[in-house]
Amino acid sequence: MTILGIETSCDDTGIAVIEATPTKVGVKFDILSNVVSSQIKTHAPFGGVVPNLAAREHLKNIEPCLKTALKEADKKMSEIDLIAVTNGPGLIPSLLIGVNFAKALAYRYKKPIIGINHIEAHIAAALILSGRGISNSKFLISKQGPKYKIQNLFPAIALVVSGGHTQLVLVKKIGSPPHQNFGGGDTYKIIGETRDDAAGECFDKVAKLLNLGYPGGPAISRQAEKWKSEFLISKSETNPKTKFQLPRPMVNHKNYDFSFSGLKTAVLYLFTAQNSKLRTQDFIQEMCFETQQAIIDVLVSKTINAAKEYRAKTVILAGGVAANKELREQLAAAVKKIPHSLFLIPDFKLCTDNGAMIAIAAYFNQKNIKPINWKIIKADANLRIG
Ligand code: KG4
Ligand code: ZN
């Protein structure tokens, strides 16, 4: 089946066309197009996303994105079997643009439409495994062995880390072929989440403080990488050691909640306490390394504890912050130490917001599609996954 995925929950306008083909061992996904129009330039001067500006940009970009996505996929609207759109959680002005656009398409072309939870879509993006990483053919279950069989993946613990969310989600099950009963309340349970800032938000706010621009995650990670490699070369050591230590908030609490706002404040205090002449490039890079490591230490520790407690067969890392190389590597290394556990992360370009992940999640939610249902789809800024 051919699915059109539409994503406008934050500051990326994403439209994708995917082809989902059930196979004997699972389902094969072909991402025919995955167009993302970024609004970085619009929001960069403000150091974060301005909701009304985001909505204005979505409105401007959504139709050109659709045209490009259909053209790249070599499909017409008449060939689309299902329209999938993010209906929450997210910024309401942004969500409304995508939802109303999708509803108009569904009405005009008489197509079924489904509202998709953005968090679920981030998780679903991790379930497709690259063939050999070069083709755009993806398989939910590949020929890589029985451990990848869908029945063997659950229960799973998913760490969803983005600019707006930090949640640990227990994914309890997925249906047997044709895998259409993934999703819904009895599939997920949020076992922990941030009490204040999201991990991505912490990256963004610290980057703003250090004048590194927006989005902060990639900027901090680049600076941290520079400091790490310089340190390892100049000191001939194997483990980088920073001169100052930031807190690891809530790392020893016996729950799966997070708190990142204090970390940003700690960076602010260290930064302002430093004589302005001594705020050298090296100091900024070291600060970035320590900030990134503090965030990673908390995320890895809580995720591993959850994986052990819930006897997870799979650990999933998803969301925009999953693009962070150090987090990917350090969580992968920690999961490796849990016997028989599998670690899944989406391809880099499927980590940050995009339409393909919405379309993939839609495939697993077909049981929720109702005939001629465009009227009942509503945007919900606070939509919960479980
Ligand atoms: O999932 P996403 O695209 O949008 C939301 O749903 O929020 O995530 C965006 C977030 C931003 O906070 C950005 O700084 C962060 O993901 N991010 C990263 C990296 N790439 C993007 N954080 C750390 N390291 C990265 N390489
Ligand atoms: Zn996201």
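The values are calculated or read from the model by the stated rules, or taken from the named source; none is laboratory data. Everything numeric here is computed off the predicted structure, so don't read it as measured data. Backbone-built Cβ (ideal geometry, glycine too); neighbour counts: all protein chains shown. For the accessible areas, the whole protein counts, side chains as well, though only heavy atoms, and no ligand, DNA or RNA atoms are used. Shrake-Rupley method; radii C 1.70, N 1.55, O 1.52, S 1.80 Å.
Observations
- Shown is the FRET efficiency for Asn52 and Lys370, computed with R0 = 35 Å from the Cβ-Cβ distance and rounded to the nearest 0.05: 0.60.
- Stretch gain in nm, segment Asn255-Leu270, where the contour uses 0.36 nm per residue and the Cα spacing is subtracted: 2.6 nm
- Gained length - Arg248 relative to Arg384, 0.36 nm times residue gap less alpha-carbon distance: 46.3 nm
- Between 0 and 90 degrees, the angle of helix 261-273 with respect to the longest Cα principal axis of the chain falls at about 40 degrees.
- Folded to 0 to 90 degrees: helix 51-73 orientation relative to the chain principal axis, Cα: 60 degrees
- Here the dipole of the chain is about 780 debye; that uses its Cα centre as origin and unit charges on the Cβ of Lys and Arg (positive) and Asp and Glu (negative).
- Put simply, when 38-44, 221-227, 73-79 are sorted by average Cβ atoms within 10 angstrom per residue, most first, you get 221-227, 38-44, 73-79.
- FRET efficiency, Ala44 to Lys241 (Cβ-Cβ, R0 35 Å, nearest 0.05): 0.60
- Within straight-line cross-link reach of Lys75, lysines at Cα separation under 16 Å, skipping those fewer than 8 residues along the same chain: Lys67, Lys111
- Per-residue ellipticity at 222 nm, computed for the chain from helices alone with -39500 (n - 2.57) per DSSP H run of at least four residues, works out to -12500 deg cm²/dmol.
- Antiparallel content of DSSP bridges confined to the chain, in %, to 5: 65 percent
- Restricting the trypsin sites (Lys or Arg not before Pro) of region 317-356 to loop positions (DSSP other than H, G, I, E, B) with no more than 11 neighbouring Cβ atoms within 10 Å leaves Lys337.
- Calculated FRET efficiency for the pair Leu278/Asp30, C-beta based, R₀ 35 Å, to 0.05: 0.05
- Helix 199-209 and the long axis of the chain differ in direction by around 50°, with both axes built from C-alpha atoms.
- Potential extension, Gln330-Asn100 segment - 0.36 nm per residue separation minus Cα distance: 78.7 nm
- Per residue, the chain exposes 44 Å² of solvent-accessible protein surface, assessed with a 1.4 angstrom probe and all protein chains in place.
- Partner aspartates and glutamates for Lys228 [C-alpha distance under 15 Å; skip if fewer than 8 residues away on the same chain]: Glu237, Asp282, Glu286, Glu290, Glu326, Glu329
- Trypsin sites (Lys or Arg not before Pro) restricted to DSSP loop in region 280-320 with at most 15 other C-beta within 10 Å: Arg311
- Unit charges on C-beta of K, R, D, E only; dipole of region 199-344, Debye: 220 debye
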